[in-house]
Amino acid sequence: ILTDNKYIIREVNDKALSLYGYKREDMIGMDSLRLSAPEIISLTESRRLILNDHGSAIYETIHVKKDGTQLPIEISSRVMEIEGKKFYQAIIRDITERKNSEKALKESESNLRKALDKMLEGCQIIDHNWKFIYINETAEKHNRRPNTEILGKNYKEIWPGIELTNVYKKLESCMNNRETQFLENEFVFPDGTKGWFELRIQP
């Protein structure tokens, strides 16, 4: 879509016409703001200011087709000069499939989290930087510390001296070699109390 300096549509290609469901004569001369979903019009206007400041912009937004259907899109915009006049070119990509996939993934992650939260076994997830990114309710009880004290913190910081133990060696092997590890381990808590745990460590 090509608009003038007042964002009035001056040219569209056939793909844009097909995407939005308009005829060429209906779309040419239209204020491009009409394509934006009502709830994001103010955001669209602020993005225009960014475009003017930087000469280009890439962002995701929601447009509306002629039949009223909302259309999630990605826009790559740039300022152009044609015969001494200022224009804006917008390359538009339909990202409906991407958004549907993202939604499905979030729902899947949410269902998985709910299942992990209610497990009778403790479950903890540590990333490659040795930071805790997930601890379920049972593991919180096992740790004898609230999750708020542990999540986002480094494993070695939370359990000083752990790098000298067999548990750490197993974790390290799992992380580096992508191999499942199993062991029984007596854990000594900071207050001196002990507890036996059966550990399955999986990549």
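The values are calculated or read from the model by the stated rules, or taken from the named source; none is laboratory data. Keep in mind that what you see is a predicted model, and the values were worked out from it rather than measured. Neighbour counts are summed over all protein chains in view; Cβ atoms, including those assigned to glycine, are modelled from backbone coordinates with ideal geometry. Ligands, DNA and RNA are stripped out before the accessible areas are found, and what is left, the full protein with its side chains, is counted by its heavy atoms. Shrake-Rupley method; radii C 1.70, N 1.55, O 1.52, S 1.80 Å.
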- Which residues, counting only those in region 23-32, are more than 15 Å from L2 (Cβ to Cβ) and either in contact (Cβ under 8 Å) with a residue 12 or more places away in the chain or part of a helix (DSSP H, G or I) (or both)? E25, D26
- Task: Report the residue count in region 62-80 for those that are open to solvent by less than 90 Å² (accessible area, probe 1.4 Å) and either more than 20 Å from S101 (Cβ to Cβ) or outside any strand (DSSP E or B) (or both).
- Result: 8
- Task: Only residues that are closer than 30 Å to K15 by Cα, open to solvent by 90 Å² or more (accessible area, probe 1.4 Å) and of a type in the set (D, E, K, R): list them for region 99-123, please.
- Result: K103
- Note on the structure: Every listed condition ((1) modelled with pLDDT under 95; (2) under 28 Å from N100 (Cα atoms); (3) in contact with a Leu (Cβ under 8 Å, 6 or more places away or on another chain); (4) of a type in the set (F, W, Y)) holds for Y59 save (3)
- Task: Could you tell me which residue of region 180-191 is modelled with the lowest pLDDT, considering only residues that are in a loop (DSSP other than H, G, I, E, B), open to solvent by 70 Å² or more (accessible area, probe 1.4 Å) and within 18 Å of H142 (Cβ to Cβ)?
- Result: P190
- Message: I'd like to verify a number: residues in region 162-179 that are in a helix (DSSP H, G or I) and either touching a Lys or Arg at 6+ places or on another chain (Cβ under 9 Å) or open to solvent by less than 80 Å² (accessible area, probe 1.4 Å) (or both), how many?
- Response: 10
- Item | Pick from region 124-145, criterion farther than 18 Å from I201 by Cβ and in contact with a helix residue (DSSP H, G or I) (Cβ under 7 Å, 6 or more places away or on another chain), ranking: least open to solvent (accessible area, probe 1.4 Å) | E140
- Query: Would you say D31 is touching a strand residue (DSSP E or B) at 6+ places or on another chain (Cβ under 8 Å) and not aromatic (F, W, Y)?
  - Reply: yes
